[in-house]
Amino acid sequence: MTDDPENGENGDDVSTPLLEIRGLSVSYRTRGGTVEAVRGVDLDVWPGQVTAVVGESGSGKSTTAHAITRLLSANGSIDAGTVRFGRHDLATLPEPELRTVRGARIGLVPQDPTVSLNPVKRIGDQVAEVLRIHGLATRRSAPAEAIAILDRAGLPDAGVRARQYPHELSGGMRQRALIAIAIAAQPELIIADEPTSALDVTVQRVILDHLQHLTEESGAAILLVTHDLGVAADRAQQLVVMSQGKVVEAGPTRDILADPQDDYTRHLLASAPSLTTARPRTLRAVDDISFTVHRGRTLALVGESGSGKSTTARLVIRLADATAGQILFDGTDITAAKGARARELRRRAQLVYQNPYASLDPRFSIGEVITEPLRAFKVGDGASRLTRARELLDRVALPAATLERRPAELSGGQRQRVAIARALALSPDLVVCDEPVSALDVSVQAQVLDLLAELQADTGVAYLFISHDLTVVRQIAHQVVVMRAGRVVETGPPEELFTRPRHEYTRQLLSAIPGGRVPTSTAETTHELRTTVA
C-alpha cells in the first residue's frame with residue numbers, strides 16, 4: 001500500500017482532493033505598510049487523511065489555515081488564489097453561503113482554549129449553539145445532544161462538565177470542549193491550529209489520539225497546523241513545509257522525513273529534538289501472512305508475545321492500517337476501509353478483549369454495556385434493546401437480574417460473559433477474540449470456551465481466536481496458524497499440529513506446555529503415534 005492519495009489509501013473516493021488551494025496569497029495592512037504573509041501557496045487535503053502544515057513562527061501556516069474559512073483578522077485580506085472545497089471557492093464565496101459551510105462542513109479547533117471559549121457561557125451551551133445554528137437540533141433537544149457530543153470528545157462526566165464554565169475545567173478538558181464544538185456538526189474537514197501546543201506531552205498525546213480516533217470513525221480529513229515536526233511525523237500522511245509565506249516542500253510524510261529535498265526542511269529536521277535521536281524507521285510487525293476464516297469455524301492465531309498475532313487482529317477489524325496486501329471480508333476488500341465502510345464492518349465484526357476487568361465501562365450498568373452497540377448503530381428502541389439484552393444474558397447463562405448490576409459487582413468470568421454478550425448484540429458474522437480467557441482461572445476458562453463453542457453451533461458465527469496458550473487452542477480451534485516474528489511458520493488443523501508438528505518453532509511451543517512433552521524428532525513422533533494406535 002502507498003501513501004499516494006491517487007491510489008485511494010483511505011478507501012474513499014479520493015480522485016480529487018477534499019480541499020484544493022491554488023496560488024493563495026494573503027496580506028495584512030499595518031502602520032508600516034502592507035505585509036505579505038502568504039505568497040502563492042498550493043496545498044491539497046485528501047479525504048480521510050491528516051495533512052500537516054509545519055514551519056517556524058511567522059512562516060504563514062496559521063494564516064493559511066485561517067484564510068480557508070476567511071477567519072483572518074480585520075486587517076487581513078486574500079489577495080489572490082482559489083480555495084476549492086467541493087463546488088465552492090471559499091475565497092470568494094458570499095458571507096451568507098460561507099456561514100453554511102463554516103462550522104457545518106468545516107470544523108475548527110483553535111490553538112488556545114483559554115481565549116477561544118466564551119467565559120460567561122456554560123460548556124454545554126457552547127456546543128448546543130453549533131447544533132441550533134446549523135439546524136441540527138431544537139432548543140429542547142440540543143442540551144442532551146451536546147452532552148452526547150462532549151462524551152464523544154472524551155470529556156469525563158460529560159453531563160457535569162456541560163453545566164460548568166470554562167474556568168472550572170483543566171486545559172486538557174477545555175481543549176476537548178473545543179474538539180466537541182468542532183465535531184458537533186460532523187464536518188468533512190477539521191482544521192486543527194496548534195491544538196495541543198499549550199498542553200504537556202501526556203495530555204497532548206491523549207488529545208491527538210482522540211481527535212484521530214474520531215476522524216477515523218467519521219472519515220473526516222484533518223488539516224493539522226503545528227510547529228512540532230515530531231507531532232506531524234507521528235500523525236500525518238501528508239506533510240507541507242512552509243517558510244516565509246511559501247511552501248518549500250510537500251509530499252508524503254515518510255518520504256520527506258527520509259529524504260528532505262529543501263535546505264529549510266533539513267534545518268527543521270535537524271532542530272527537532274524528537275527526531276534527531278531516532279529517525280523514523282519501518283518495523284515489520286506482520287510480514288506477508290495469509291489465512292482464511294470460514295463461516296461457523298474458528299481459526300486460531302498462536303505465538304509468543306510480539307509474534308504479530310494481536311496486530312493481525314487489529315488489521316482485520318480496521319483498528320490498524322496495512323502497508324501492503326489485501327483483507328477481504330465476505331468478498332469485499334476492506335483493507336483501507338474508512339468512514340461509513342469501516343462503520344459497517346464494525347457492525348459485522350466485533351471484538352472481545354483480553355482483560356474482563358478493563359474492557360467494561362465501570363460507570364455503566366450491565367444493561368447499558370450490552371445495549372451500547374445497539375444504541376451506537378441506532379438499532380431498535382429502548383424496549384427492544386432491553387429485550388435483546390435479556391436474551392443475550394440468557395444465552396451466556398447469566399440471570400436477567402444482572403442487567404441492573406455494575407461490572408465491579410461481577411466476577412472475572414461473569415464479566416467476560418457480559419463482554420461476549422455485548423459482542424453478539426448486533427449478530428455479527430465474525431468475532432475476534434483477543435486472548436479472551438488468559439486472565440481467567442482454568443475452571444472459568446473451560447466454562448467460557450464451552451460457551452463460545454455453543455454460541456458458534458447455535459449462530460454460525462466465525463471466530464478469529466488469538467492465544468498464546470496451545471491447550472486452549474486445541475480445545476476450540478478448527479484451524480491453527482502459528483506465527484513467529486510477524487510471519488506464519490505453520491498452518492493446519494490442531495490434531496495435525498499437535499501430533500505431527502513440522503516446524504521447529506511449533507515443536508518448541510508444544511514442548512513448553514506445562515505437564516506435557518512433545519516429540520522433538522520424526523522418529524519419536526512415529527514411535528508415539530504407533531504406541532497410541534496400538
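The values are calculated or read from the model by the stated rules, or taken from the named source; none is laboratory data. Computed from a predicted model, the values in this text were never measured in an experiment. Neighbour counts run over all protein chains shown; Cβ positions are idealised from the backbone, glycine included. Side chains included, ligands, DNA and RNA excluded: accessible areas come from the protein's heavy atoms. Shrake-Rupley method; radii C 1.70, N 1.55, O 1.52, S 1.80 Å.
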Requested in this report: Report yes if residue 138 is surrounded by fewer than 16 Cβ atoms within 10 Å (Cβ to Cβ), modelled with pLDDT of 90 or more, closer than 19 Å to residue 182 by Cα and in contact with a helix residue (DSSP H, G or I) (Cβ under 8 Å, 6 or more places away or on another chain), otherwise no.
Outcome: yes
Query raised in the report: residue 89 fails exactly one of the following numbered conditions: (1) surrounded by 20 or more Cβ atoms within 10 Å (Cβ to Cβ); (2) in contact with a Ser or Thr (Cβ under 9 Å, 6 or more places away or on another chain). What is the number of that condition?
Result: (1)
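Residues to consider are 160, 248, 241; find the one that is of a type in the set (A, V, I, L, M), open to solvent by 40 Å² or more (accessible area, probe 1.4 Å), touching a Ser or Thr at 6+ places or on another chain (Cβ under 8 Å) and farther than 18 Å from residue 18 by Cβ.
Of 160, 248, 241, the one residue that is of a type in the set (A, V, I, L, M), open to solvent by 40 Å² or more (accessible area, probe 1.4 Å), touching a Ser or Thr at 6+ places or on another chain (Cβ under 8 Å) and farther than 18 Å from residue 18 by Cβ is 248.
Residue by residue, here is whether (1) more than 26 Å from the chain's Cα centre (by Cα); (2) at pLDDT 90 or above holds:
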| position | (1), (2) |
| --- | --- |
| 389 | yes, yes |
| 397 | yes, no |
| 421 | no, yes |
| 426 | no, yes |
Query - Residues of segment 360-372 satisfying the condition of being surrounded by fewer than 20 Cβ atoms within 10 Å (Cβ to Cβ) and not hydrophobic (A, V, I, L, M, F, W, C) - result: 361, 362, 363, 365, 367, 368, 372
Query raised in the report: Among the candidates 437, 444, 472, 431, which residue alone is surrounded by 22 or more Cβ atoms within 10 Å (Cβ to Cβ) and part of a helix (DSSP H, G or I)?
Result: 472
Report task. State the number of residues belonging to segment 294-308 that are within 10 Å of residue 466 (Cα to Cα) and part of a strand (DSSP E or B). Result -> 4
Query raised in the report: Is there a residue in segment 501-516 that is at pLDDT below 70, open to solvent by 60 Å² or more (accessible area, probe 1.4 Å), outside any loop (DSSP other than H, G, I, E, B) and among the small types (Gly, Ala, Ser)?
Result: no
Query raised in the report: Among the residues of segment 308-348, which ones are more than 17 Å from residue 285 (Cβ to Cβ), open to solvent by less than 80 Å² (accessible area, probe 1.4 Å) and out of contact with any Phe, Trp or Tyr (no Cβ under 7 Å at 6 or more places or on another chain)?
Result: 329, 331, 332, 333, 334, 336, 337, 338, 339, 342, 346, 348
Query - Unmet requirement for residue 232, which otherwise passes all of (1) under 17 Å from residue 40 (Cα atoms); (2) buried (at least 20 other Cβ atoms within 10 Å of the Cβ) - result: (1)
Query - Which listed residue, of 265, 215, is modelled with pLDDT of 80 or more and crowded, with 19+ Cβ neighbours inside 10 Å - result: 265
Query raised in the report: Quick one: would you say residue 31 is open to solvent by 30 Å² or more (accessible area, probe 1.4 Å) and touching a residue at least 60 places away in the same chain (Cβ under 8 Å)?
Result: no
**Report entry** Residues of segment 454-469 that turn out to be part of a strand (DSSP E or B) and open to solvent by 20 Å² or more (accessible area, probe 1.4 Å), as a count
**Finding:** 0
